[in-house]
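Engineer: Structure incoming, see below.
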Amino acid sequence: MQEYLKFVVTLVAVLDPFLAIPIFLGVAATRAPAARRRLVQAVTLTVFAVLAVAALFGDALLQLIGASLPAFRVGGGLVLLLMALAMLNASIGGVRQSEAEAEELESGDPSGVVPLAVPLLAGPGAISTCIIAGQEGGTLHVAAIVGCIALVCVLLWLVLTLAERIGSRLGITGLNIATRLLGLALAAIAVEMMAAGLRALFPGLA
């Protein structure tokens, strides 16, 4: 249970729904309440589908690209560290969203799913986290990981549903503080992930 709890905390830090609140409000500002609810559902379901597929078929992906799990841990940890550094500066960072993707989002994408759900939320960091987590056990373990992903997506749905209230209560400063705290936790997790991968690749480091 401790490992699954750690995965949930990691995934929440990687997704960082607080960072997505201002962006979501900007996209949904001109939408009717019913359309906004549909957007929240579409974004949440898309994030769940992408991350669940990553957890279920991560092994096949690793075999396809010829990467070992320890090597993927090091690479995934580096991605998370870059994201964490951006979060500590209360910014999105290039790993989550490029300038072109930001412009596409501001132009008013019809669904709002791309690039809001992918890659802003379910981006390289979240996908690599789910792939690594899914490789550490059998079928029941993967099922538990998918259940954890569903739990985090319920939290994401709740935050986006209450985005206007949360945004008005916390303000920009409050949201930035929450993002920085999650970034600090994510930085520690990223270093631990890279250390585990390096120990497996180079046993002499242990």
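The numbers here are math on the coordinates, done by the rules we state, and not lab data. Please read all numbers here as calculations on a predicted model, not as lab measurements. We place every Cβ from the backbone using ideal geometry, glycine too, and count neighbours over all the protein chains shown.
Engineer: Could you tally the net charge around residue 44, taking each other residue with its Cβ under 14 Å from the Cβ of residue 44, Lys/Arg +1 and Asp/Glu -1?
Structural biologist: +3
Engineer: State, as an integer percentage, the relative contact order of the stretch 2-200 based on alpha-carbon contacts under 8 Å between residues 6 or more apart.
Structural biologist: Reported relative contact order: 45 percent.
Engineer: Can you compute the FRET efficiency between residue 38 and residue 6 using 1/(1 + (r/R0)^6), with r the Cβ-Cβ distance and R0 = 41 Å? Round to the nearest 0.05.
Structural biologist: Taking R0 as 41 Å, the efficiency between residue 38 and residue 6 is 0.80.
Engineer: What residues of the stretch 1-27 lie in the reach of a label at residue 169, counting those whose backbone N is under 14 Å from a point 7 Å from the Cα along Cα→Cβ?
Structural biologist: In the stretch 1-27, the label zone of residue 169 (backbone N under 14 Å from the point 7 Å along Cα→Cβ) covers 18.
Engineer: Nearest 10 degrees, 0 to 90: what angle lies between the long axis of helix 2-15 and the longest principal axis of the chain (Cα atoms)?
Structural biologist: Long axis of 2-15 versus the principal axis of the chain: about 50 degrees.
Engineer: OK, next. Among 91, 168, what is the fewest-to-most ranking by other Cβ atoms within 10 Å?
Structural biologist: 168, 91
Engineer: For n ≥ 4 DSSP H runs only, could you compute -39500 (n - 2.57) per run for the chain, divide by its residues and tell me the 222 nm figure to the nearest 500? Present the calculation step by step, with values, prior to reporting the outcome.
Structural biologist: On the way: 8 runs with 160 residues, N = 206.
Counting only the DSSP helices, I get -26500 deg cm²/dmol.
Engineer: Let me ask you something else. Using Cα springs under 10 Å in a Gaussian network model of the chain, which residue among 71, 100, 42 shows the largest mean-square fluctuation?
Structural biologist: Looking only at 71, 100, 42, the biggest GNM fluctuation is shown by 100.
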